[in-house]
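Q: Next up is a structure, given as C-alpha cells.
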Amino acid sequence: MNKKTAHILWFKDVNKNDIPLVGGKGANLGEMVRAGIPVPDGFVVTAKAYFDFINSTSLKKKIMTELSGLDVDNSDKLMKASENIKTAILQADMPKDLIEEIKDFYMELCGENDKYVAVRSSATAEDLPEASFAGQQESFLNIKGWKSVARHVQKCWASLFTARAIFYRQENKFSHLKVGIAVPVQLMCQSDTSGIMFTVNPVTNNRDEISVEGAYGLGQPVVSGEVTPDQYTVDKKSWKILSKSIVSQDWQLTMDGNTPISTKYKKKQKLTDKQIIDLAKIGAMIEEHYGKPQDIEYGIEKGRILIVQSRPVTTLEQKVQNVVVDEGKGSKVILDGLAASPGVFAGKVQIIKSPKEIGKVKEGDILVADMTNPDYVPAMKRAGAIVTDLGGRTSHAAIVSRELGVPAVVGTLNATKMLSNGEVVTVDGASGKIYEGDITKVVSEVKKSDVDLSKIKTATKIYVNLAEPELAEEMASRNTDGVGLLRAEFIIANIGTHPKKFIKDGKKKEFINKLAEGLEKFADAFNPRPVVYRFTDFKTNEYKGLKGGAEFETEEPNPMIGYRGVSRYIKDSDVFEMELEAIKIVRNKKGLKNLWVMMPFVRTVEELREVKKIVSAAGLRRSGTFKFWMMVEIPSNVILLDDFIDEGIDGVSIGTNDLTMLTLGVDRDNEKVADIYSEMNPAVLASLEKIVRTCEKRDITCSVCGQAPSVFPELVEMMVEWGMTSVSISPDVIEKTRSIVYEAEKKVLSKGGKRKKSKKK
C-alpha cells in the first residue's frame, strides 16, 4: 500500500509523520491507535482525495480568482468570497470511485448495521505545533449512512474556505492552495460525561499539574464554550486531586439534542474522583508518547474512557508583561471567573452579542461576550483583554487568548449583564478577577523566568530536520543554525516516480533538474547556514511504492537491514550519480556552497571508501566549503568509528532511532517489544558516549539527528558535557531544544566544565 496515493486510510495505518496526508487531527488519531490509547475506531479520507477533487474540476481557478488580492480585514468582501467558494465546492460532483470507496470503508467500520459516526475536518495546517488554529473547519456529529457520510465529507472540504479559515491562513502566511484537508470518520462516542484535559496547567504553565474539565453529555458544548464545565487539577507525581471547581449545569447535548438536567444532578460533581485520576494517568501516557504537553478531548461512555482527539499545547510561551494590579488603589472586585490567560490589562468594556458586531471592538477595548468562536478572532486580536460568561480554561476564548498573549477571564456567568459598554475595568487573567476602574501599575523591572528563545545562541548548534521545500523559507526565519538533516526521500516522493524509470525513459535530466530545484530552495533559504543533504535511504518496500517502482524493486523479508543506503550506491550507482549531478547544479551553477552531503547506513569501512571514490569521480571533493558527513546508526559504526574517521570524513550525525533499534535488537513499531526501546538504555548510552568523545578527540563534527535530545533533557546535558557540537531536530521542538541545550551548557559551565564555543559546524 502506497499511503501517499491513497484516498482513504484506516487510523491504524497512519502516524504522526503523515500530517501532510491526513492532517494533524488524523495523524494524531492514528498515532494514538498505534500507541494503544483507547480511541474509537475509524478511517481518514486523505488530503490526496481533496487535492484530486480540486484538480479534476475548475475549482482551483475559482479559488484563485476569489482570493486574489482579497483584503481579509474587509469583513463583507471576506464573507462574499467565502460563500462563493464554499458553494462551488458543494455543487461540484464528488468522483464516483471515491463515493464507492467511502461506502466500502463505512460498511466495514459499522458491520451489519449502520452506526453513528463523527465526520471531522483535519486541515494539514491545523493542530500543528506552531499554532492550534482550533475550530477553523467544520465537524459533524451523529452522521449515519454512507451517503450521508460522503455528503458531509464534501461539507468538510468546503469548510476549508470559511471566512475564519481564510483569515487565519492569510494572517499566518499559509498558501490557500497548498493547505489541504483530510476528513477523519470516527465511530461516535455517546458520552455520558465528556470534556477536555491539558497535561500542563494552561494558566500557570505548571508541567507538574494536569487540568481536567468535565460536563454531562457530549463534548461539543464544552469545546465551543456553551457549557461551563467542572474544573479539576491533578498532581502528576502523587496523583492527588489538588483542586475542584463544581459548576451547576442546566442542560446537556445528547443524541436527542439539547436536553435539561434534573435538579438532583445539576450541582453534582460530574466525574468521580477515580475517573479524574484515571483520565489524568491516560493524559500523562499520551504526553509521554508525544514528548510534549497535550490538549486532549475525551468522552466516558458507559464507564469506559475514550480519547477522541489530542493535539500539542501551543500556548506555553507567554509574553512577559510589566503591568500588575496595584492593590493600593482600592481594588474592588466586581466579577469573578476562571483564570484563562495570564496578564493584567485595564480598558473600556465593549459587549459583543454576535460576530456581526465585532467591528465595534477598537484597539485596546476589553471584549466581553457570552462566549467566542473563531468568527470573533479579528476582534480578539484588537482587544486588550477578553471576558466571557461561559466556557472553561480550554474553551475557544481561553485557547486563542493564550495564543495571542492577551489576558482573559472566562466562565464569569454574567459579565455581559454586570458590565456596561464604555465602563473602565481591570482584568487580571492570572487570578480570574475583574476590578472596578483602572488599578494597574507599571513595574520598572520584570523578572523573566526564561530567556528569549527566538534570539539566544548556544555553543551547540541547533539544526532542523526538513523534507518539504515549501517550508524552507519559514524555517529559515526561525532561530536555527541550518539544516542538519535534509531527507532526500521526501523530495523524491514528491516527484512521485521511481528514479530508475526516469533513466529507462531517457529522462535523466528531468529527474536531476527536479531534485536540484528542491535542493536549491533549501540552500537558498538558509544561505550561508549549512544544509546537510542525506542521500536517498529508501528501503525496497518504500521505493516500490513510487510510480514504476515495482519493476525495479524486489521483495525482501527484512527491508530495514536489506538493500538500502550506501550498498545501493556501490552496487548500482545510476540513481546515486543523478543525485550527485543535482548537488553539482546547486553548488556550482547556482553558487550555493552551503549545501553539504551525508551518507546513510554505511555498514563497513570498505563501503565508505568505495562511495567516496564515486563522489570524487563526480567532481565533488572535501574542502572548506564542502563537508562530507556520515550517519552513525549501526553498531559497526560505533565499534570501528576511528577507522571510519581515518577514511576521511568531516563529521558524523547520530541516527538515534536506528542505532537504538539495532543495538537492542528491537523494532520500536512492534507493540510486543516496543517497551524495550529506549535511548536511555545503558547499552545505547555507552555507544552515544563513545561516539561523541571519539569525535571530540578526533576534532570532527558530532551531531545528533532525531528527537531524543528534546525528549530527554538529561541526555542533552550528558552529550553537551561529552562534547556534542550540534543537534538536528524537527521544527516543532526548535525553541524547546534550544532552551534545553542552553540550560545544559550553563550547568556544564557551573560544574567547572570546559565547554567553549566550537569552531566545528
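Q: Mean residue ellipticity at 222 nm from the helices of the chain, using -39,500 (n - 2.57) per DSSP H segment of n ≥ 4 over the full residue count, to the nearest 500 deg cm²/dmol? Don't jump to the answer; show the numbers that get you there.
A: Numbers: 28 runs with 275 residues, N = 761.
Mean residue ellipticity at 222 nm (helix-derived): -10500 deg cm²/dmol.
Q: Also, quick follow-up: Quick one, which of (1) 62, 40, 25; (2) 54, 36, 21; (3) 46, 32, 26 is the actual semi-axes √(5λ) of the Cα gyration tensor in Å calculated for this model?
A: So the structure-derived entry is (3).
Q: While we're on this one: Which pairs in the list 507/571; 362/441; 500/590; 3/500; 144/544 are over 28 Å apart, alpha-carbon to alpha-carbon?
A: Details: 507/571 22 Å; 362/441 22 Å; 500/590 26 Å; 3/500 21 Å; 144/544 38 Å.
Pairs exceeding the cut-off: 144/544.
Q: Something else: Using alpha carbon centroids, what distance separates the range 36-76 and the range 483-544, in Å?
A: Result: 27 Å between the Cα centres.
Q: Right, something else. On C-alpha positions alone, give me the angle between the axis of helix 713-722 and the longest principal axis of the chain, in degrees, nearest 10.
A: Helix 713-722 and the main axis of the chain meet at about 30 degrees.
Q: Can you tell me the order of 20-26, 156-162 when each peptide is scored by its average per-residue count of other Cβ atoms within 10 angstrom, highest first? Working shown, then result.
A: On the way: 20-26: 27.3, 156-162: 24.4.
Those peptides, ordered most packed to least, come out 20-26, 156-162.
Q: Regarding the range 323-442, what's the average projected area of the Cα-atom convex hull, expressed in nm²?
A: Details: hull surface 23.9 nm².
The orientation-averaged projected area of the Cα hull of the range 323-442 comes to 6.0 nm².
Q: Taking the DSSP beta bridges in the chain as the whole, what percent of them are antiparallel, to the nearest 5? Could the numbers behind the result be given before it?
A: Working: 66 of 106 bridges.
Close to 60 percent.
Q: Can you order the peptides 552-561, 627-636 by their average number of other Cβ atoms within 10 Å per residue, highest first? Show your work: numbers first, answer last.
A: On the way: 552-561: 13.1, 627-636: 22.0.
So the order, starting with the most tightly packed, is 627-636, 552-561.
Q: Taking every pair of Cα atoms in the range 193-312, average 1/r, invert it to obtain the Kirkwood radius, and report Rg/Rh to two decimals. Before the final figure, lay out each step's value.
A: Working: Rg = 13.8 Å, Rh = 14.4 Å.
Taking Rg over the Kirkwood Rh, I get 0.96.
Q: Measure nothing but the geometry: give the 0 to 90° angle between the long axis through the Cα atoms of 734-750 and the longest principal axis through the Cα atoms of the chain, rounded to 10°.
A: Tilt of helix 734-750: around 70 degrees.
Q: Let me ask you something else. Which angle between 0 and 90 degrees, to the nearest 10, do you get for helix 146-158 versus the longest principal axis of the chain when only C-alpha atoms count?
A: On a 0 to 90 degree scale, this one is about 90.
Q: Give me 228, 694 ranked fewest to most by other Cβ atoms within 10 Å of their Cβ, as a rough exposure proxy. Please list the in-between numbers first.
A: Values: 228 27, 694 20.
Lowest count first: 694, 228.
Q: Right, something else. Determine, for each peptide in 360-370, 111-121, the mean count of other beta carbons within 10 angstrom over its residues, then list the peptides with the highest first.
A: Numbers: 360-370: 20.3, 111-121: 17.5.
Ranked by mean Cβ neighbours within 10 Å, highest first: 360-370, 111-121.
Q: Go through 730, 105, 227 and say which Cα lies farthest out towards the positive end of the charge dipole of the chain; charges sit on Cβ, +1 for Lys and Arg, -1 for Asp and Glu.
A: In the chain, that residue is 730.
Q: Can you tell me the relative contact order of the chain? Whole percent, Cα pairs under 8 Å, sequence separation 6 or more. Please report the intermediate quantities before stating the final value.
A: Numbers: 1596 pairs, mean separation 64.7, N = 761.
Once normalised by length, the contact order is 9 percent.
Q: What Cys residues in the chain are without a partner cysteine, judged by a Cβ distance under 4.7 Å?
A: Among the cysteines of the chain, those whose Cβ sits 4.7 Å or more from every other are 110, 156, 189, 705.
Laboratory data are not the source of any read-out in this text; all were calculated from the coordinates shown. Source: prediction; values computed, not measured. Cβ sites come from the backbone with ideal geometry, for glycine too, and all protein chains shown count toward neighbours.
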